[in-house]
Amino acid sequence: MIDLVLYGPSGPQPLGHPATVRVRLRNAGDRDLWIAGVLDGSENGLRLPRYRPTVTRLGDGVVVASPAPAEDPLVAPLRPADLRTLAPGESWDPTSGPGCLPLMTFAHFIPQQPGRYRYALTLDTGADTEADTGADTDADAATARPEDWLGGFGVPAGTAREELLALVARVPRTRVVADPVEVDFH
């Protein structure tokens, strides 16, 4: 139902500069899809949805970039505007738009040695299977709950909370892995 696609630059990239790797999310289903982009805490696994990027150096298989550990476990609250619908066939960059953040792992990775690097991305919206995101979080150890979307402070209460949880319930629970993109640095 969800296609997650990475796009890398064409041709070799210069050492000492990050490569521009972009992401697109596409509704491959036949009805509207509710989804959220990269939110505060999504990349380092503190909240759903989890967008988990990695960069691996080919040849030796060493992971050279992954999400930094969280400095603070509190994340911004989920707002209704953070959730959006995609019509069938519609695509969207989950790193752009209201409340969305860039994938810092990709944006900050600057290779220091020439070679070929593999950029990979997994999206987890709270599938019922155990998700190994690489982070030591309670959310990874147990089945995700809708509350795992809400954030760490300023979370609405009462009716506003119930309305927000009803929107979260519309997001399909899945784990999607993008085909990796390989980038040469010289």
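The values are calculated or read from the model by the stated rules, or taken from the named source; none is laboratory data. Being a predicted model, the structure only gives us computed values, none of them experimental. Backbone-built Cβ (ideal geometry, glycine too); neighbour counts: all protein chains shown. Keep in mind that these areas ignore ligands, DNA and RNA; they rest on the heavy atoms of the full protein, side chains included. Shrake-Rupley method; radii C 1.70, N 1.55, O 1.52, S 1.80 Å.
Can you give me the number of residues within segment 62-80 that are within 22 Å of Ala36 (Cα to Cα) and β-branched (Val, Ile, Thr)?
Initial filter on segment 62-80 (within 22 Å of Ala36 (Cα to Cα)): 66-70, 72-80.
Right, trim to β-branched (Val, Ile, Thr) and you get 75.
Result for segment 62-80: 1.
Give, as residue ranges, the strands (runs of 3 or more DSSP E) completely inside segment 14-71 that count at least 3 residues that are in contact with a Phe, Trp or Tyr (Cβ under 6 Å, 6 or more places away or on another chain) and open to solvent by less than 50 Å² (accessible area, probe 1.4 Å). Don't jump to the end; show me each part of the working.
Working: elements: 22-27, 33-36, 50-57, 62-65.
Because the criterion is at least 3 residues that are in contact with a Phe, Trp or Tyr (Cβ under 6 Å, 6 or more places away or on another chain) and open to solvent by less than 50 Å² (accessible area, probe 1.4 Å), the strands (runs of 3 or more DSSP E) in segment 14-71 that meet it are 50-57.
Please tell me if Pro88 is assigned to a loop (DSSP other than H, G, I, E, B), farther than 16 Å from Val177 by Cβ and open to solvent by less than 70 Å² (accessible area, probe 1.4 Å).
On the way: assigned to a loop (DSSP other than H, G, I, E, B): yes; farther than 16 Å from Val177 by Cβ: yes; open to solvent by less than 70 Å² (accessible area, probe 1.4 Å): yes.
Against the criterion (assigned to a loop (DSSP other than H, G, I, E, B), farther than 16 Å from Val177 by Cβ and open to solvent by less than 70 Å² (accessible area, probe 1.4 Å)), Pro88 qualifies.
Counting just the residues of segment 72-85 that are of a type in the set (D, E, K, R) and open to solvent by 40 Å² or more (accessible area, probe 1.4 Å), which one comes out modelled with the lowest pLDDT? Full working, then the answer.
Initially, segment 72-85 is screened for residues of a type in the set (D, E, K, R), giving 72, 79, 82, 84.
Applying the additional criterion that residues be open to solvent by 40 Å² or more (accessible area, probe 1.4 Å) yields 72, 79, 84.
On the way: Asp72: 81, Arg79: 93, Arg84: 95.
Checking each candidate, the answer is Asp72.
Tell me, yes or no, whether segment 95-117 has at least one residue that is at pLDDT below 95, touching a helix residue (DSSP H, G or I) at 6+ places or on another chain (Cβ under 8 Å) and open to solvent by 30 Å² or more (accessible area, probe 1.4 Å). Steps first, please.
Taking segment 95-117 and keeping what is at pLDDT below 95, we get 96-99, 112-113.
Restricting the remaining residues to those that are touching a helix residue (DSSP H, G or I) at 6+ places or on another chain (Cβ under 8 Å) gives 98-99.
Imposing the further condition that a residue be open to solvent by 30 Å² or more (accessible area, probe 1.4 Å) reduces the set to 98-99.
Checked segment 95-117: at least one residue is at pLDDT below 95, touching a helix residue (DSSP H, G or I) at 6+ places or on another chain (Cβ under 8 Å) and open to solvent by 30 Å² or more (accessible area, probe 1.4 Å).
Every residue in segment 46-87 that is aliphatic (A, V, I, L, M), out of contact with any Ser or Thr (no Cβ under 6 Å at 6 or more places or on another chain), under 14 Å from Ala120 (Cβ atoms) and in contact (Cβ under 8 Å) with a residue 12 or more places away in the chain, please.
Val55, Leu58, Val64
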